[in-house]
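Contents: one structure, followed by commentary.
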Amino acid sequence: MIKLTHIKPGHLTHRNQRGFTLVELMVVMVIIALVMGLVATSLSRSVSSAEARAATRKLVANLRYTRTKAIVDKQEKTFSVDVENRSYEAPGRKQVTLPKGVELTLTTARSEMTAENVGAIRFFPDGGSTGGHIEMYVNGREYRVNVAWLTGEATLQQVEG
């Protein structure tokens, strides 16, 4: 036996229909946009920190190159630093300009200051140097490159604080 039921118009129920409302979809899209914005900002900071570390390591490598060049050529060689223009130059190499946002300070012997904002660290044929240090400030972090006067050795340290 078949039972027929008459359903009145307007009494249809949608209980079995599944899906999302437009408001729910919009809320999810806004949340995704916010998360993507935060991730992009975080990545851009990481890249600049990575660039800062790479620039600092390159600076140390150029200091070591200058020391080696003085020893091999048996002549004094200078490593020049221009604090105002955020640049440095090793002998026989192109001048390197650091990325924007990097601040430099140079501490060296008074005799090695060639201008108000330009100085040098001199390396001698025996490997020694006039000594000093170069500090780089990036994103609230400080990197310090020390050059020992007796040995001319260049070392890198990240200053905590």
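The values are calculated or read from the model by the stated rules, or taken from the named source; none is laboratory data. As the structure is a computational prediction, the values presented were derived from the model and not from experiment. When we count neighbours, we look across all protein chains shown, and the Cβ atoms used for this are built from the backbone with ideal geometry, even at glycine.
Report, by residue number, each residue of segment 121-147 that is in a strand (DSSP E or B), aromatic (Phe, Trp, Tyr) and at pLDDT 95 or above.
Within segment 121-147, just Phe123 meets the criteria.
State yes or no: is Asn62 farther than 19 Å from Ala148 by Cα and not basic (Lys, Arg)?
Details: farther than 19 Å from Ala148 by Cα: no; not basic (Lys, Arg): yes.
Considered against the rule, which asks whether it is farther than 19 Å from Ala148 by Cα and not basic (Lys, Arg), Asn62 comes out as no.
Of everything in segment 147-161 that's farther than 17 Å from Leu98 by Cβ and crowded, with 18+ Cβ neighbours inside 10 Å, which residue is farthest from the chain's Cα centre (by Cα)?
Gly152
When you go through (1) more than 25 Å from the chain's Cα centre (by Cα); (2) in contact (Cβ under 8 Å) with a residue 24 or more places away in the chain; (3) surrounded by 14 or more Cβ atoms within 10 Å (Cβ to Cβ) one by one for His133, which number turns out not to apply?
Only one criterion in (1) more than 25 Å from the chain's Cα centre (by Cα); (2) in contact (Cβ under 8 Å) with a residue 24 or more places away in the chain; (3) surrounded by 14 or more Cβ atoms within 10 Å (Cβ to Cβ) is unmet by His133, namely (1).
Every residue in segment 72-113 that is within 14 Å of Val147 (Cβ to Cβ) and of a type in the set (Gly, Ala, Ser), please.
Answer for segment 72-113, where residues must be within 14 Å of Val147 (Cβ to Cβ) and of a type in the set (Gly, Ala, Ser): Ser80, Ala90, Ala109.
Check whether at least one residue in segment 40-57 is modelled with pLDDT of 80 or more and at positive phi, and report yes or no.
No, segment 40-57 has no match at all.
Return only the number of the condition from (1) surrounded by fewer than 16 Cβ atoms within 10 Å (Cβ to Cβ); (2) touching a helix residue (DSSP H, G or I) at 6+ places or on another chain (Cβ under 9 Å) that Phe123 does not satisfy.
Checking Phe123 against (1) surrounded by fewer than 16 Cβ atoms within 10 Å (Cβ to Cβ); (2) touching a helix residue (DSSP H, G or I) at 6+ places or on another chain (Cβ under 9 Å), the one that fails is (1).
What residue, among those in segment 148-159 that are touching a helix residue (DSSP H, G or I) at 6+ places or on another chain (Cβ under 6 Å) and in a strand (DSSP E or B), is farthest from Ala61 (Cα to Cα)?
Looking at the filtered set, the residue picked out is Leu156.
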